[in-house]
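Written out below as structure tokens is the structure these notes cover.
Bear in mind that the values in this text are calculations on the coordinates, not laboratory data. Remember, it's a predicted structure, so these values are computed and weren't measured experimentally. Cβ: placed from backbone, ideal geometry, glycine included. Neighbour counts: every protein chain shown.
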């Protein structure tokens with residue numbers, strides 16, 4: 001585009017233009033360097049979908065606790081290796097573990113390997129006041145003689161409870177029975193250092209070896225994802241017959257990244273090919289192609305720079321959505337190029353398009369910036385990204401326009417192309433212009449039909465829309481969760497109290513109600529299973545003191561049998577309380593707990609198949625206890641934001657209508673009506689599966705691109721150049737984003753579909769409203 | 001009581017507690033194939049393989065034992081004795097005769113107890129946990145090194161005429177209960193020493209009364 005030696009009838013470049021161009025070049029280079037630096041050093045791209053969601057407005061303690069739950073799912077990975085024969089599975093497990101641990105970003109998940117020692121240490125001072133319910137019942141229903149006799153026999157038996165504490169501390173091994181009662185009912189054994197899980201389901205018994213690792217960084221860290229997927233892939237290659245099941249956020253995050261990267265590449269490639277083909281076809285030269293790409297690159301770099309400055313990190317989905325920006329950025333360049341060839345010079349074209357570009361860019365930016373007012377971090381990112389990008393494209397065209405000179409020899413080719421192409425439009429539109437009533441009625445009918453479909457289609461706020469994981473990954477996850485009976489992250493009880501004692505008593509009450517369901521599939525984990533309430537500890541301590549160490553207690557009788565004098569252990573002076581758990585490193589394996597001042601909160605987590613029953617009823621009548629269903633909550637959240645983005649959309653249209661009416665008076669409606677009809681049609685197509693938040697978000701982009709088309713028609717009239725420019729810019733967007741509608745990721749599919757239908761409608765419908773009034777009888 | 005012992009067994013099924021019981025067990029080694037290695041010391045792997053092959057060649061074995069249990073704080077050891085029997089593929093019977101009568105029957109399908117009051121069968125739900133206990137216990141008694149190897153690192157020393165096996169737990173969770181298990185023997189296992197992490201120590205001396213070898 002920069003052809004200083006060309007001999008064109010243009011005035012020498014004004015000094016202001018040069019300064020302006022240099023300033024643009026400076027910003028362009030600085031942005032480029034900044035982005036390059038950020039991308040290489042900070043790795044600002046991530047794929048955590050939760051970060052796109054608004055910060056929860058619910059109870060902050062609940063939010064924190066559920067994040068704690070989620071973090072347990074995030075910071076480790078679990079892989080089960082099918083083990084029909086442990087001997088063949090063992091080398092596989094060793095190999096897989098070695099491959100995983102070869103990465104410095106993964107560590108040994110060693111908590112479960114030392115848990116027994118941790119537990120022994122934690123409960124040591126309190127062993128004479130903690131009773132499992134079975135042990136308590138045994139003490140209550142047996143005489144001191146019977147207890148002494150049984151304990152005496154156990155001392156000789158080869159198969160008894162493990163004794164964590166010695167005879168002096170705990171002569172009746174209460175500690176052993178307490179620790180046993182904590183053990184989950186999972187059939188897990190050990191095979192040469194690897195946990196061996198035996199899963200019995202529907203009469204089929206299957207063994208699995210468990211390989212685990214701890215993540216040293218976030219599962220959304222792309223390098224960690226590469227290490228893990230690389231290790232698993234190499235393992236599969238090495239052991240093609242091994243059957244493995246995976247679980248952990250890292251696998252989903254990696255799948256999300258892979259999917260999003262693929263989609264971005266598809267869109268990017270599709271977009272590029274479409275633009276190259278169209279531009280070359282029309283202009284038959286490379287300079288316009290450079291101009292188009294330069295404006296797109298500048299737009300993208302500026303968008304990225306501003307976004308990084310504002311947010312620090314960018315979600316990959318923002319980038320994918322942001323790639324629709326390429327279409328908008330291309331608009332200005334295409335309109336400019338077509339006009340340049342018609343007007344004979346870039347400078348003239350700039351003068352000619354000055355208003356259209358300003359109005360298009362400012363309204364477009366306004367429409368995007370309205371998204372910024374929603375409390376949705378994802379939307380805010382996209383708003384900033386797109387607004388900055390449009391600004392960048394606009395400024396690029398303004399800055400570089402004077403340097404674009406049209407070679408007289410080639411001036412005619414695009415115009416010829418435009419003329420040829422215009423002839424098609426000339427055949428169609430005038431026919432339609434002559435029947436305004438017929439056209440109007442058809443549009444009304446189509447719009448009404450669209451509205452009917454939209455109303456009947458209803459809305460779809462399912463959380464599935466946020467899913468980026470392939471189905472086999474989800475199935476694998478589900479099976480691991482079942483086999484290992486992992487606590488559910490999506491459903492649990494939330495308990496609030498004003499003191500630790502109250503917290504434990506409330507949990508105890510819930511525990512009793514859950515136990516009363518007598519559902520063998522129902523499994524839960526609660527704090528009070530690990531720390532009985534003080535009331536319980538007091539009762540158990542006095543039961544023990546009376547039955548075992550009293551006069552005549554079981555200890556005295558036992559020692560008579562042993563023929564040795566012995567003393568009762570010294571009882572603890574204090575009580576085990578929840579805060580003791582904080583101090584131990586066991587926290588991660590227990591139900592999460594949170595306390596700030598006098599506010600104590602905990603969760604009772606659920607696992608197993610009993611979750612399907614109506615558990616909300618269980619919490620009824622228990623003050624400070626309620627069932628939390630995160631899936632439902634998230635779904636409702638999506639619904640709320642769908643409503644609020646819809647409001648923003650309506651507001652945008654109303655503001656646009658007002659603004660355009662002020663600027664164009666009676667003609668303002670010509671710009672708004674095709675946009676509204678196109679949006680209705682797009683939404684109607686999408687409404688078949690229910691309208692989601694992401695459909696509505698895509699409509700905001702339709703406004704941006706569709707409005708440009710209308711503005712250029714309004715400013716320049718419907719003619720060969722504007723028709724060609726509009727067709728080019730809509731065409732490139734349609735081809736590029738039509739590809740998004742094929743995406744397997746629900747979000748991207750929904751987005752693409754709206755763009756596809758919306759743009760197509762905008763492109764074809766808008767000219768209906770721009771009948772060239774003065775030279776009407778042109779046929 | 002049954003419930004109580006049951007609980008003991010469930011302990012080992014737990015996610016974490018692979019630790020089993022305080023095993024007071026006998027281990028009977030089978031006969032040597034005498035001819036080959038004589039008294040020359042052999043290396044660890046060879047010796048283990050030899051001992052393992054020996055125990056596999058035994059069809060059944062009977063004997064009696066004397067157990068001495070030292071409980072950390074008690075001034076006197078607890079002495080007991082009884083008899084045991086092992087049959088390949090069927091399991092182990094372990095019976096304490098004095099000072100109390102207690103019997104444990106271990107089979108590949110499970111474990112049952114018997115005392116003065118009668119028999120107990122384990123509920124099916126707990127079978128998997130019982131298996132772990134049974135595997136360690138039977139492994140020590142029968143010299144089934146393959147099974148023991150899952151739970152312990154096994155170091156052999158001596159010769160096949162006079163050998164020693166030192167078992168140390170592979171996992172920290174098992175180590176929370178058992179420090180080491182030591183087996184000494186010649187043709188058969190003669191001594192078993194268990195050191196528990198809580199300080200208790202058990203010493204069992206075996207006498208083999210009757211051996212039936214597999215027909216080859």
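Kindly express, to the nearest 10 degrees and within the range 0 to 90, the angle between helix A:86-101's C-alpha long axis and the longest C-alpha principal axis of chain A.
60 degrees
Residue A:355 to residue A:463: FRET efficiency via 1/(1 + (r/R0)^6), r the Cβ-Cβ distance, R0 45 Å, to the nearest 0.05?
0.45
At each listed q (0.04, 0.07, 0.09, 0.10 Å⁻¹), what is the log10 of I(q)/I(0) that the Debye formula gives for the protein assembly as shown modelled as equal alpha-carbon point scatterers?
After summing over all Cα pairs, the log10 values are -0.32, -0.74, -0.98, -1.12.
Rank these for me by crowding, A:435, A:94, A:76, going from fewest to most other beta carbons within 10 Å.
A:435, A:94, A:76
How would A:355, A:749, A:252, A:518 line up from fewest to most surrounding beta-carbon atoms within 10 angstrom?
Going from least to most buried by this count: A:518, A:355, A:749, A:252.
Given the C-alpha centroids of the stretch A:654-717 and the stretch A:209-257, what is the distance between them in whole angstrom?
Measuring centre to centre over Cα atoms gives 45 Å.
How much length would be gained if the chain were fully extended between residue A:623 and residue A:36, taking 0.36 nm per residue of separation minus their Cα-Cα distance, in nm to one decimal?
Taking residue A:623 through residue A:36 to full extension adds about 205.8 nm, to one decimal.
Need one number: nm distance between label points at residue A:102 and residue A:71, each 7 Å from Cα along Cα→Cβ, rounded to one decimal.
About 3.2 nm separates the two model spin labels.
May I ask you to compute the full-extension gain from residue A:570 to residue A:63, defined as 0.36 nm times their residue separation minus their alpha-carbon distance, rounded to one decimal in nm?
That works out to 178.2 nm of additional length.
I'd like the distance between the alpha-carbon centres of the stretch A:496-518 and the stretch A:288-358, rounded to an integer number of Å.
61 Å
First check a/c for the stretch A:347-412, with a ≥ b ≥ c the square roots of the eigenvalues of its C-alpha gyration tensor; if it is under 1.5, answer rounded, and if not, answer prolate when a/b is larger than b/c or oblate otherwise.
It is prolate, given that a/c is not under 1.5 and a/b is the larger ratio.
Helix A:287-311 versus the longest principal axis of chain A: what is the Cα-based angle in degrees, 0 to 90, to the nearest 10?
Taking the Cα atoms of chain A, the angle to A:287-311 is about 40 degrees.
Which whole-number percent is the relative contact order of the stretch A:236-371 (Cα, under 8 Å, 6+ apart)?
Averaging sequence separation for qualifying contacts and normalising by length gives 20 percent for the stretch A:236-371.
Using Cα pairs under 8 angstrom and six or more residues apart, how large is the relative contact order of the stretch A:260-330, in percent?
48 percent
Relative contact order (percent) for chain A, with alpha-carbon contacts under 8 angstrom and 6 or more residues of separation?
20 percent
Can you give the FRET efficiency for residue A:442 and residue A:276, using 1/(1 + (r/R0)^6), R0 = 51 Å, r = Cβ-Cβ distance, to the nearest 0.05?
So the FRET efficiency works out to roughly 0.90.
Hey, fewest Cβ within 10 Å first, where do A:419, A:84 land in order?
Arranged by neighbour count, lowest to highest, A:419, A:84 become A:84, A:419.
So how far, in whole Å, is the C-alpha centre of the stretch A:87-130 from the one of the stretch A:522-584?
So the separation of the two Cα centres works out to 29 Å.
Pop the C-beta distance of residue A:744 and residue A:631 into the FRET formula with R0 = 22 Å and round what comes out to the nearest 0.05.
E between residue A:744 and residue A:631, to the nearest 0.05, is 0.55.
Ignoring everything except DSSP H segments at least 4 long, calculate the 222 nm mean residue ellipticity for chain A; use -39,500 (n - 2.57) per segment, divide by total residues, nearest 500.
Only helices count here, giving -21000 deg cm²/dmol.
By how many nm would the segment from residue A:646 to residue A:94 lengthen if fully extended, with 0.36 nm per residue of separation less the alpha-carbon distance?
Taking 0.36 nm per residue and subtracting the Cα distance, the gain is 193.3 nm.
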